[in-house]
Amino acid sequence: DSGVTQTPKHLITATGQRVTLRCSPRSGDLSVYWYQQSLDQGLQFLIQYYNGEERAKGNILERFSAQQFPDLHSELNLSSLELGDSALYFCASSPGLAPSKQFFGPGTRLTVL
Amino acid sequence: SQQGEEDPQALSIQEGENATMNCSYKTSINNLQWYRQNSGRGLVHLILIRSNEREKHSGRLRVTLDTSKKSSSLLITASRAADTASYFCATVPANQAGTALIFGKGTTLSVSS
């Protein structure tokens, strides 16, 4: 158990819909990362937050947004969903800004029908 | 975009044999990390090697890093059936905003008893 929790575990929705994925980082970790894993793109970094502020952006679509709240949990919002958004979405956390190892949650499997 | 490639894409060995996986990357790095993923579950950190280190050991794992060739290898000695998983190398590029991991495509290891 990494100490990172993600909800829900599975999500099935239709094209055009909007969903919210939730992540609680390991106790004390200030950095939260979101990654997407799909068969064709592999593991892709989406976005990083540190202590409530956006720190870095990766291959995140404009239809996707995220935030980190004062209690450090984070949410990833995916809107106008397309079939190609079906993937595993992972949240990870690390203690601070130093480039250290990351602790991954179990992921949310999103299926867009 | 992904940092590099793992080689081989898939590897099948018998219990007790050694498994070697290679990883190449494209840009200067702060550190390189190896993660394991069991069939679509969360990633587990295995080992981190900094750019000024050449070799690191952890239990049955040995990692080497050659920054001149931009490559790394992961050796698992005396493999067990429980080592069956996908293995990913991930880099933290130098001079990037944030500390996100950039993953390779992974090697799928199958260890049969």
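The values are calculated or read from the model by the stated rules, or taken from the named source; none is laboratory data. Computed from a prediction, not measured in an experiment: that's the story for all the values here. No Cβ is skipped: glycine too gets one built from the backbone with ideal geometry, and neighbour counts run over all protein chains shown. For the accessible areas, the whole protein counts, side chains as well, though only heavy atoms, and no ligand, DNA or RNA atoms are used. Shrake-Rupley method; radii C 1.70, N 1.55, O 1.52, S 1.80 Å.
Quick notes on this structure:
- Buried solvent-accessible surface, both chains (B, A), 1.4 Å probe, Å² to nearest 100: 1600
- Cα gyration tensor category, rounded, prolate or oblate, for segment B:1-60 with a/c compared to 1.5: prolate
- Listed by chain and number, the lysines whose alpha-carbon sits under 22 Å from that of B:K70, ignoring those within fewer than 8 places in the same chain, are A:K101, B:K26, B:K56, B:K105.
- Net charge contributed by nearby residues that have their C-beta within less than 14 Å of A:L30 (K/R +1, D/E -1): -2
- Value of relative contact order over chain B, rounded to a whole percent, pairs C-alpha under 8 Å and six or more apart: 38
- Summed side-chain charge close to A:R63 - residues other than A:R63 whose Cβ falls under 11 Å, Lys, Arg +1, Asp, Glu -1: -2
- Remark: mean inter-chain Cβ contacts per residue of B:25-34 equal 1, using a 10 Å Cβ-Cβ cutoff to other protein chain atoms.
- As computed over the protein assembly as shown, the Cα convex hull volume per residue (Å³): 117
- Shielding of B:68-77 by partner chains, average beta-carbon count, 10 Å: 0
- Chain A: relative contact order as a whole-number percent, Cα under 8 Å and 6+ apart: 37
- The residues packed around B:A85, meaning those with a beta-carbon under 10 Å from its beta-carbon, carry a net charge of +1 if Lys and Arg are +1 and Asp and Glu are -1.
- Residue mean of other protein chain beta carbons inside 10 Å, A:24-34: 1
- Accessible-area composition of segment A:8-52, carbon plus sulfur, in percent [1.4 Å probe]: 47
- Solvent-accessible surface of segment B:24-83, averaged per residue with a 1.4 angstrom probe and all protein chains in place: 50 square angstrom.
- Heavy-atom surface analysis with a 1.4 Å probe gives chain B a carbon and sulfur content of 43 percent of its accessible area.
- Cα gyration tensor shape for segment A:43-86, rounded if a/c is under 1.5, else prolate or oblate: prolate
- Basic side chains Lys and Arg get +1 at the Cβ, acidic Asp and Glu get -1 at the Cβ, and with that the dipole of the protein assembly as shown about its Cα centre reaches some 240 debye.
- Packing, taken as the mean count of other beta carbons within 10 Å per residue, orders the peptides A:44-55, A:15-26, B:5-16 from highest to lowest as A:44-55, A:15-26, B:5-16.
- Chain B - charge dipole about Cα centre, Lys and Arg +1 at Cβ, Asp and Glu -1, debye rounded to 20: 260
- Per residue, chain A exposes an accessible area of 47 Å² to a 1.4 Å probe, with every protein chain left in place.
- Close amide H pairs (under 5 Å, H built 1.01 Å from N) link B:S12 with B:S110, residues at least 5 positions away or on another chain.
- The string of couplings for segment B:51-60 from the Karplus curve (6.51, -1.76, 1.60, θ = phi - 60°) is 5, 9, 9, 10, 8, 8, 10, 8, x, 8 Hz, one whole number per residue in order, with x for Gly and Pro.
- For chain A, the Cβ-based charge dipole about the Cα centre amounts to some 140 debye (Lys, Arg positive; Asp, Glu negative; other atoms uncharged).
- Rounded if a/c under 1.5, otherwise prolate or oblate - segment B:22-102, Cα gyration tensor axes: oblate
- Rg(Cα) / (2.2 N^0.38 Å) computed for chain A, rounded to two decimals: 0.99
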